[in-house]
Every structure is written in structure tokens, then in C-alpha cells.
1. Roughly to the nearest percent, how much of the accessible area of region 16-141 is carbon and sulfur, given a 1.4 Å probe?
2. Please find the FRET efficiency linking Ala146 to Arg224, where r is the Cβ-Cβ separation and R0 is fixed at 25 Å, and quote it to the nearest 0.05.
3. Just subtract the alpha-carbon distance of Ala413 and Ala265 from 0.36 nm times their residue separation and send over the number in nm, one decimal.
4. Between region 114-144 and region 74-100, how many Å separate their Cα centres?
5. Set the Förster distance to 35 Å, then compute FRET efficiency between Ala483 and Ala46 from the Cβ-Cβ distance, nearest 0.05.
6. If you count, for each residue, the other Cβ atoms within 10 Å and average over each peptide, how do 444-453, 328-337 line up from highest to lowest?
7. Based on the Cβ-Cβ distance from Glu375 to Gln107, what FRET efficiency comes out when R0 is 25 Å, to the nearest 0.05?
8. Whole number in Å², please: accessible area per residue of region 5-135, 1.4 Å probe, ligands, DNA and RNA not counted.
Amino acid sequence: MPVAPGPALCYEFLAMPSYAITTFGCQMNVHDSERMHEVLRRAGYAEVPAAEADIIVLNTCSVREKAEQKLLSEVGRLAKQKRARRELIVVVAGCVAQQEGERLLKQARSIDLVIGPDNIAELPRLLDELVLGSPPLVRTVFDTDAPRFLTALEVVGASPTAFVTIMKGCDERCSFCIVPHTRGPERYRPSGEIIAEIAALTAASVREVTLLGQTVNSYRDPTRALSPAPGHAGGHPQTPGASTDDPDESEFAALLRRIAAEVPALARLRYTSPHPRHLTPSLILAHAEVPVLARHVHMPVQSGSDRVLKRMIRRYSRAEYVERVGALVRTVPGVTLSTDIIVGFPGETEEDFAATLSLVEEVGFKGLFGFKYSERPYTPARKLGDDVPEDVKSERLARLFALSEALLGEHLARLAGTTAQVLVEGLDKGDGLLWSGRTERNEIVHIAGAADRQLAGEVVEVSIVRHNKHSLQGELTAAARAATTPRAPLHKTGPVASHSETPGRRSLPVLAGGLAGGLAGGIAGGLARGA
Ligand code: SAM
């Protein structure tokens, strides 16, 4: 069959191909974008500003409709550019790519390649095909039989924090959620690979790692190399109260213990996003016994109404959620909790929403991401109809945020006069005179009076002087100041553009069996608000 001519691409383009990536969505997408950066750089592509790029990759999110609309308006904008520059290649990657596949090509003729999250390693080969005249391509195949996790080869910027993927896909069937459709079934990464990546990151001076997964705490080691947690015989759940439908009861906790034991240089360990169903007794025990685990857990609850939780197919009741996080709070003194909440789920009444507000107060969340329900294709909740009016959703979201801010404000106010261990992430945006970091409990702390010290990546003791709306301000204690090293004088040439003082990328030590992959510095959702 004759092949239709591809986009007007020239071979000159092969000499110096350049690209830009725009990322929409969650940490998982940020992480996927970093892997694309590495794959492309290793294939000889150079990153440039989007306006100058030969290839534009839009890495998309489809959890809510708004993100999808943003993508389509960006594609429309690029279509205009493409009329002036026919050689421009437009790539749509990520969840919308996986969700829409071939349909995207019909919807927007300016798109040249649609590529799913499991096909990132094939990106250079597919671009080569396009350059050689292929018509637009679609590659959205899940790697279900042989799951592949691209390993980080670089640390982005000077960030002391990094994400490490431990599982992908989702086997939960929450009625509102498109993720099982866009990310496929759960697949887990061998624990040895995870440990090797974390060890390499810490050798490259990363101090804090956030383990990533759609339901990160349902992790199971496909190589069965994890020894069972204390109280567990042969890896089967033995902990009193452990749910019998959690065959993985000990596995995530065992992974955390193994990371702590085998990577002692790691200063902090976090994970996101867990599912409350897998907040098992063995995981709670690990939080009490593994010092490297940060005393903050982001545990999405979605609603405080049993009626809504049931319709969401969350598979826990409000009382079960409260019981499990209550056990965590009792076992781990000072632990802070944050959460995700959806307002305006189909059929949500004022009474249901009042139950959500009362749950937020009862648990005392120190931060939350709140979202207006967005009807998504392929989700069971579509059948329920999107019946809560937009203005009611907006009004409920505003009330939720007001309560959340009040709770956070009270919490932060109580911390004035205390000291905290802060992992410093970099210089604050703005005039660059404040260092910024986070406590174990995920409170953001700005450190004044230390612009002359080199603090990036250090865990320092800070006296908390006052609180702001969403953060704390403090000063180094005398002992911490004495223990730090001086820093080169500041050049006051304008605002500091990024948290990283020395932007760029540092290579990691070579990892056994690793292919290209990447890491994004950054913070797991915590005390920030959602949209
Ligand atoms: N692991 C998480 C959990 O336990 O549900 C899922 C993470 S999801 C990618 C991030 C958040 O987006 C969810 O927790 C939920 O609050 C929100 N979300 C997902 N689908 C949504 C929808 N259809 N409308 C509004 N918010 C949604």
C-alpha cells in the first residue's frame, strides 16, 4: 500500500535536532518527562526553548478534563506555527495520548506522533521514522508482559530531592478515575533495581527520595526478594488486624525497611500516592521503626461521606479511614497528614459535603489537594451523570480550602518558638536571600540570615521565628550556623529564577541493567493546595 507523505521534514534536520517538552499534570508526568529528556539527549537531541525547537513534545494529563482542554488549545496554537514551519514535529505523549490514541490524529492534523507512557524508550526511533517520511504515528502499547522501568541516569539541577518509580498502573477501580485506562494494570519494579537507583542517586548527593506509584503502597516485589516484615511468616499477612484481602500486606513495608538498611546515606524517604486500603499495620509499624521515613503521609480520602465513598468504589468507609490514620497518628508521634478530596461527585448533597468538612476537621489534615469532580471517559461514574452544578462545586471547593487553610494556619502558629530539622532544597524564589526547605512533617521553612552559608542539600536545625500563611520562617540555630560552610557572595542581578542554585544535570554512577530514564527534582504533594 502506498505510504502517504509524512510532514515536510528535511535531512538537514538530522544534523542538529532540537526539542522542547511541556509537561501537564502530576509528579508521574514530571518524572516521565525527565525520562524523555534523557532518552532524547542520549539520541543526540538538544533541548532548546519551545519557540526554537524542531520537535515539541506535549506530555499530557487526563485525570481532569481541564488538563485535556489545555492540551487541545496548545495543539491549536502549534498548528498555526506549523503552517509557517512545516518541518516542526508535534508529539503528544502521556495519559491523553494513551487514552485517545488514533483519535487524536483525526482530531488535530498538526500532530505527528502519539506516544503512550510505556513507549518512551521508543521515542528516538519513532522520530527517525517521521524524519524519513513516515505518516503520523501512534504507539500506545502497555508493556504488561515485560514491564520496563527506565532508570535515572542524571540528577536534575542541584536538587537534593528526587522521585523513584516503584510501580505503575492501577488495579483499583475508583469510579471517577481514568488512571486504570491510561496507565494500565499494576506492574511492579524489582526491589533490587529500586535500591540500586536510590543508591546511585544518593551517591550523586540526593538526600531525599519520594517513591512514586499510582497506588504506591500496594507494591509487591516481582522477584520475591524481600524478606517479610517482623511478625510475618513467609511473606503472608500475620499482623493482627491485617486485612486478608491484602496479599501484599508486608511487601511495601518490607521495601521501605530494605531501602533504609541498604542505603544508609539517604536522609529522608517519602512516598506518593498511597491508597488507604493498603495502610496496613505493617506499614504503620515501619513508620514507627524506620527513622528515615518522613513523619508526613499524604493519604487520599476523596470524601467524608460513606454514601459517596461507596459510589466512588473506594472500598473503605469513613470509620475505617479514621481508624487506620488514627493508628498511624498514635504510633508515630507528630506525624502530619494531608489528603486529596473531590467535591461535587455525582449525587453529592450538602449533607455529604458537610460530612467531608467534618472529616477534614476530625483528622486535622495539615494540607489538602481539592478538586472539582470532572467527568472522565471510560469511568464507571459517567453513568451517574455530572449532576452537581458548577457554581455549587466552586462554592464547596472554596469552603473546603477555607477550612484547610484555617487548620494549616493553626498548626503553623503552634510551631513558632520550636526548632525543626530542615532539609534545604535551595534558594527561595525572589531576591535569593532566603534558603527554603521542608521539615520531616512537610512544613515549608524559609531560613533568614543565612544567605552567606552554603546550605543546599544540608539538613539543618532551624529555630522557628514566625509563621506565614502557608509556611514557616526561621533562623539557623547557633550550632547549625557553626556547622555550615560559607558561600560565595551573592550577585544581585535580579530575582532568582529557580530553587536550584546551580542549574544543570549531573550524571549518576552507571547502573547495572539501566536504560535511559530520568528524575525530576521536586516535592511530593503535601501542604500545598490543589486546583
Ligand atoms: N492514588 C490516588 C488515590 O488514592 O485515589 C490517586 C491519584 S490521582 C492521579 C490524583 C487525584 O486526582 C485523586 O486522588 C483525586 O482526588 C483526583 N481525581 C482523580 N480523578 C478525578 C476526577 N475524575 N475528577 C476530579 N478529581 C479527580
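The values are calculated or read from the model by the stated rules, or taken from the named source; none is laboratory data. These figures come from a predicted structure and were not determined experimentally. Using ideal geometry, Cβ is built from the backbone for each residue, glycine included, and neighbour counts are taken over all protein chains shown. Remember, those area values only see protein heavy atoms, side chains included, never the ligands or the DNA or RNA. Shrake-Rupley method; radii C 1.70, N 1.55, O 1.52, S 1.80 Å.
1. In region 16-141, the share of accessible area belonging to carbon and sulfur is 51 percent.
2. So, using R0 = 25 Å, E works out to roughly 0.90.
3. So the chain would gain 50.0 nm between Ala413 and Ala265.
4. If you average the Cα positions of each part, the centres end up 14 Å apart.
5. Rounded to the nearest 0.05, the efficiency is 0.30.
6. Sorting 444-453, 328-337 by mean packing, highest first, produces 444-453, 328-337.
7. Efficiency, from the Cβ-Cβ distance: 0.85.
8. 42 Å²
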